[in-house]
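Right, one structure below, let's go through it.
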Number of protein chains: 2
Amino acid sequence: MIYLDNSSSTFQKPFCVKHSIKKTLNKYAANPGRSGHKLSLLAGEKVLEARMTLANHFGLKDFTNVIFTASCTEALNLALQGSVQPHGHIIATIYEHNSVLRTLEYLKKTYHITYTLVTPNANGIITPDRILSAKQPNTYLVVVNHTSNVTGHTQPIHEIGAVCHEHNLLFLVDTAQSGGHERLNMEKDHISMLAVAGHKGFHSIQCGALLIQDCKIKPLKYGGTGTNSISLTQPTDYPEGLESGTDSIVNIIALATGVKFVERKWNDIHQKITNLTQYTLTHLSKIPNCIVYSTNANSGVISFCIKGYTSTEIASYLNQKHIAVRSGLHCAPKIHEYLGTTKNGLVRVSLSYFTHKTDLMYLIHCLKTLSKKTLLFQKN
Amino acid sequence: MIYLDNSSSTFQKPFCVKHSIKKTLNKYAANPGRSGHKLSLLAGEKVLEARMTLANHFGLKDFTNVIFTASCTEALNLALQGSVQPHGHIIATIYEHNSVLRTLEYLKKTYHITYTLVTPNANGIITPDRILSAKQPNTYLVVVNHTSNVTGHTQPIHEIGAVCHEHNLLFLVDTAQSGGHERLNMEKDHISMLAVAGHKGFHSIQCGALLIQDCKIKPLKYGGTGTNSISLTQPTDYPEGLESGTDSIVNIIALATGVKFVERKWNDIHQKITNLTQYTLTHLSKIPNCIVYSTNANSGVISFCIKGYTSTEIASYLNQKHIAVRSGLHCAPKIHEYLGTTKNGLVRVSLSYFTHKTDLMYLIHCLKTLSKKTLLFQKN
């Protein structure tokens, strides 16, 4: 199978990630941060190192503010639910994933918040002035999807962060799709909260993280933290106050290993993804009846449709040709509404460092054949 | 290191669990339940099989009511937060872990619930009549820790379930410590919700599950479910409505593999744990100044103290002798308050199927030596 669904989950994991999992299972599988014996302390040290790796990667000074979660979805829920200000106002964008949109709807019903979804300019960009024009007196938080999982557009986080900082607004960035592709620095970019996904651009397994800077939020889960066990009140210290339950050491070490892999290979990944995306964009644009919705060669996300077919029909055809892509709405309905692609959805081809050019040559060949069938059908 | 801290996390994982992780990484690491291609469908099938394994193991008829979570703590939070009835009353026990106690405190502050913690009889047992005597007109839920992570006492779930059923009360069982040691059948035992931990008695890695029978609860997290993406309202169907975000396929398959391992080895595990626990209890009781708080040989949990030492001092001494145990309050403060062991805590020795008798012989030898030191110290 040719796997071009890396924005859902990267399928091929680097050797170092697989090896780290094996090593963790054999050496560090004790409960980190609970008991005082050597194996528990060793496990605790490994989790601490993972916090430092993530903090360094995202320019966060205090590594105790790296909160490990089950997923990026949980990180976004923790950020949104944990920082909620009843009757407040949130600015988000039409690019947001349902992990943000559905949580906003929950907050609207339960905490009576309101929210505004900002639209992009003609180039697909959410500019700082568009954010500002949505500001209301009770706005307390801005949420931005760094790179769209539908179109691959990447937003100017540094510029938006500056505006948030100036207007004293919390700034939450969803890096699910940009992680491993784009650099961010929480301090310089004035990011209050940054949500991470492990199983996409960081080539690891399911694990998330929420990195927090200069703000205090409430937990999503309550329970054992290994600290102050006698108190029935949840500790408020980071990270333990937000990380109830045993840390998932296999997933955490794998995530940190994936981040280190990406750091080592940064230039190679960037160059390969850019070249392959550019190749795909160029050749897709030559296919008759094919409309391409992506322009950002660094994202590895390429969405398109072919007139006469629904996205599911195209994905199903490609599946028969042993090519894995994703069709439909990609859990991000508002950008499809904006693009007018809700009815048929879009086909998304998404690349990773392990994608081969020949994979894409074969994809283009198959799509050309499919497109010709449409033309033939239309002629008849 | 001799590892006797299996109630925190079982350290040694069976070959089948490790192998399942390797296989998942190589074959099933696509996104289950999102895309329509073969690899995603295959991953989805494996998650479905895991649901069936857990449903079968716990006597739950509808496997779509198996909700995978990051941990048992998350499962308990999902159950307690998801079923909350504002101004209602909950009955729990003094054996509860902070994952229950701290969540109850949160519900008390936020939803104005009240709760009663039931104490056991002289044998350490929470009898159904003790539960009933705590019932109030607004009681809607009973929470029981199946096997205590402090003393190893196992509660009569079948009898308590019958009473809950008769009085139309929801019944939540925390099997964190009993999983892999005790059998339950949700249907016959009238259990509404059952929380599972993967990394303890099931010999797997961090992964939890909440099994639900005949009740509807609210989600803890909102987001992508792979279904009805166009709707900003969280779907209410099980399991997807409660499982936002990509399922952690590595952890889920590992948990199901652990459950199958336990099923295959059930009699061996039972016999080995019982023999080893009995051996340890017998020999501990012969050590001067040693007070043992455990009686249940099937739990593999043995807690004790030695007069003249805090539990941390004993655990630290054992750590120097390369024996890993846990000291302190084990995130369950109320049972320590009841036992009068809050100040010094207890030392907990906890066994697994992979514990050797020689490990325990060496433990007893070390504790005898330590105890003699106390006697010597007292004589001087």
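Here are some notes:
- Cα gyration tensor category, rounded, prolate or oblate, for chain A with a/c compared to 1.5: oblate
- Cβ-Cβ distance of B:K188 and B:T114, R₀ of 41 Å, FRET efficiency by 1/(1 + (r/R0)^6): the value works out to about 0.85.
- Phi angles of the stretch B:149-154 translate, via the Karplus equation with coefficients 6.51, -1.76, 1.60 and θ = phi - 60°, into HN-Hα couplings of 7, 9, 9, x, 5, 10 Hz per residue; Gly and Pro are given as x.
- Positive dipole terminus of chain A, leading residue within A:S327, A:T341, A:N138 (C-beta point charges): A:S327
- Under-5 Å amide H pairs with A:S71, H placed in peptide plane, nonlocal only: A:G208
- For the pair A:E159 and A:Q278, a Förster radius of 25 Å applied to the C-beta separation gives a FRET efficiency near 0.50, rounded to the nearest 0.05.
- The GNM of chain B, with springs linking C-alpha atoms under 10 angstrom apart, assigns the highest mean-square fluctuation among B:L242, B:L194, B:L370 to B:L370.
- Rolling a 1.4 Å probe over the protein chains gives A:H190 an accessible area of about 60 Å².
- Surface accessible to a 1.4 Å probe, per residue, for the residues of the protein assembly as shown, Å²: 36 Å²
- Inter-chain neighbour count for B:227-235: the average number of beta-carbon atoms from partner chains within 10 Å of each residue's beta-carbon is 6.
- In this calculation the C-beta distance from A:D214 to B:Q136 is compared with R0 = 51 Å, giving a FRET efficiency of 0.70.
- Electrostatic bookkeeping for A:I306 treats Lys and Arg as +1 and Asp and Glu as -1; over the other residues with beta carbon under 13 Å from its beta carbon, the sum is +4.
- Placing +1 on the Cβ of every Lys and Arg and -1 on the Cβ of every Asp and Glu, with no other charges, gives the stretch A:323-375 a dipole of roughly 160 debye about its Cα centre.
- Counting only Cβ charges, +1 for Lys and Arg and -1 for Asp and Glu, the dipole size of the protein assembly as shown around its Cα centre is about 1820 debye.
- Contact order normalised by residue count of the stretch A:299-380, Cα under 8 Å, 6+ apart, percent: 36 percent
- Approximate spin-label separation B:H356-A:H365, in nm, with each point projected 7 Å along Cα-to-Cβ: 5.8 nm
- Looking at chain A alone, DSSP beta bridges between its own residues are antiparallel in about 50 percent of cases.
- Within 10 Å of each Cβ in B:21-33, the average number of Cβ atoms from other chains: 5
- Phi-based couplings in Hz for the stretch A:173-183 (Karplus 6.51, -1.76, 1.60; Gly and Pro marked x): 10, 9, 9, 3, 8, 8, x, x, 10, 10, 8
- Those residues of the stretch B:247-296 for which accessible area with every protein chain present is at least 20 Å² below the isolated value (1.4 Å probe): B:S248, B:V250, B:N251
- DSSP beta bridges in the protein assembly as shown [antiparallel fraction, %, rounded to 5]: 50 percent
- Position A:K373: other-copy label points at 7.8 nm, ordered by increasing distance, label point 7 Å along Cα→C-beta.
- Across peptide B:141-152, the average count of Cβ atoms from other chains found within 10 Å of a residue's Cβ is 0.
- The stretch B:1-117 gives an Rg/Rh value of 1.08, both radii derived from C-alpha positions and Rh following Kirkwood.
- With a 1.4 angstrom probe, the accessible area lost at the A-B interface totals about 6000 Å².
- Prolate/oblate/rounded call for the protein assembly as shown, Cα gyration tensor, a/c under 1.5 rounded: prolate
- Taking a sphere under 13 Å around the Cβ of B:P333 and counting the other residues whose Cβ falls inside, with K and R at +1 and D and E at -1, yields a net charge of 0.
- Pairs of Cα atoms nearer than 8 Å and 6+ residues apart set the relative contact order; for the stretch A:15-264 it is 27 percent.
- Its Cα centre serving as origin, the stretch B:169-282 has a Cβ charge dipole (Lys and Arg +1, Asp and Glu -1) of approximately 280 debye.
- Proximal charge balance of A:H158 [Cβ under 14 Å; K/R count +1, D/E count -1]: -3
- Residue by residue, the stretch B:322-337 carries 3J(HN,Hα) couplings of 6, 10, 9, 9, 10, 10, x, 9, 6, 6, 9, x, 6, 6, 5, 4 Hz when phi is fed to the Karplus relation 6.51 cos²θ - 1.76 cosθ + 1.60 (θ = phi - 60°); x denotes Gly or Pro.
- The alpha carbon gyration tensor of the stretch B:278-358 gives principal lengths a ≥ b ≥ c with a/c below 1.5, which makes the shape rounded.
The values are calculated or read from the model by the stated rules, or taken from the named source; none is laboratory data. Since the structure is predicted, the reported quantities are computational estimates derived from the model, not experimental observations. As a convention, Cβ positions derive from the backbone with ideal geometry for all residues, glycine included, and neighbour counts pool all protein chains shown. The accessibility values were calculated without ligands, DNA or RNA, using every heavy atom of the protein model including side chains. Shrake-Rupley method; radii C 1.70, N 1.55, O 1.52, S 1.80 Å.
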